[in-house]
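Here's the structure we're looking at; comments come further down.
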Amino acid sequence: MSMYSICTQLVADGELEETLDAMARAEESFDEELGVLRRRFLQCARQPHLIWACTEWTSERAHNDAARAIMKVREDDRVASAWFRPGLYREIFGLQVEGAAFDRGGAAEFVVVAQGLVAARQASGWQERVAARFAQLEPPDGFVRATTWFNYASPLDFVAFLEWRDEEAYAAGRVVGDRSVEEHLFVAAPRSDLAAYDQFECRPLDLQARLASPSAR
């Protein structure tokens with residue numbers, strides 16, 4: 001069964017262009033032979049030094065072998081990543097929440113990354129409840145795709161990609177009734193079942209296009 005690694009990277013001040021060029025060059029090695037099935041990047045629109053990466057691996061072992069080859073010092077890459085300073089790096093291993101997804105097709109130029117922590121007292125049945133909320137919501141026009149993952153090492157920790165056609169569609173369709181789409185999907189009414197929540201408005205980051213540009217060579 002495939003698994004996902006979802007990474008958040010905060011690039012050090014003044015190093016964004018250099019880091020993106022290095023990431024673009026490194027992408028050539030992330031292929032199926034390494035165990036990579038699919039890989040995508042998002043860049044925060046208002047905080048461009050914040051980069052999200054989601055990689056689908058053939059297995060956790062494939063991820064671990066790749067991390068060991070890259071990091072050299074790895075025992076647990078979530079700790080070994082602290083060697084890569086300055087900048088911050090966070091990674092979770094994710095599995096998809098069954099039913100907490102949909103795909104209407106079409107390109108998405110604007111992605112809301114939702115990150116939350118379910119309150120321990122509300123843990124029982126949370127995945128089923130969030131799947132039911134997805135089933136009840138009629139996606140507004142321009143809301144084209146959504147995927148939710150839970151951290152399988154800590155199942156109350158979750159990340160979701162909510163993908164919109166563009167920022168204008170998000171602005172027009174975000175509020176349904178008197179609640180935002182994010183609240184409809186992730187917050188129980190009237191009392192929240194979350195202990196913490198944040199979200200980031202992002203755009204797809206095309207490293208392949210950057211690799212083709214002269215600056216990345």
For the chain, what does -39500 (n - 2.57) per DSSP helix run (n ≥ 4), summed and divided by total residues, give at 222 nm, in deg cm²/dmol to the nearest 500?
-7000 deg cm²/dmol
If the chain between E60 and R46 were fully stretched, how many nm would it gain, using 0.36 nm times the residue separation less the Cα-Cα distance?
1.8 nm
How big is the Kirkwood radius of region 96-202, worked out from every pair of different alpha carbons and given in Å to one decimal?
13.9
List every residue whose amide H lies under 5 Å from the amide H of D193, counting only residues 5 or more places away in sequence or on a different chain, with H placed 1.01 Å from N in the peptide plane.
A188
Given the candidates A169, A135, F158, the one whose Cα lies deepest towards the positive end of the charge dipole of the chain, counting +1 at each Lys or Arg C-beta and -1 at each Asp or Glu C-beta, is F158
Taking 0.36 nm per intervening residue step and subtracting the Cα-Cα distance, what contour gain separates E98 from T19 on full extension?
25.0 nm
When the Karplus curve 6.51 cos²θ - 1.76 cosθ + 1.60 is applied with θ = phi - 60°, which whole-Hz ³J(HN,Hα) does each residue of region 89-105 get, with x for Gly and Pro?
8, 10, 9, 10, 9, x, 10, 6, 6, 4, x, 8, 6, 7, 8, 8, x
Table column - 3J(HN,Hα) (Hz), region 106-112, Karplus curve with 6.51, -1.76, 1.60, x for Gly and Pro
x, 6, 10, 9, 9, 10, 8
Which whole-angstrom value gives the distance between the alpha carbon centres of region 90-122 and region 130-148?
11
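A short reminder: the numbers here are calculations on the coordinates, not readings from a lab. Remember, it's a predicted structure, so these values are computed and weren't measured experimentally. Using ideal geometry, Cβ is built from the backbone for each residue, glycine included, and neighbour counts are taken over all protein chains shown.
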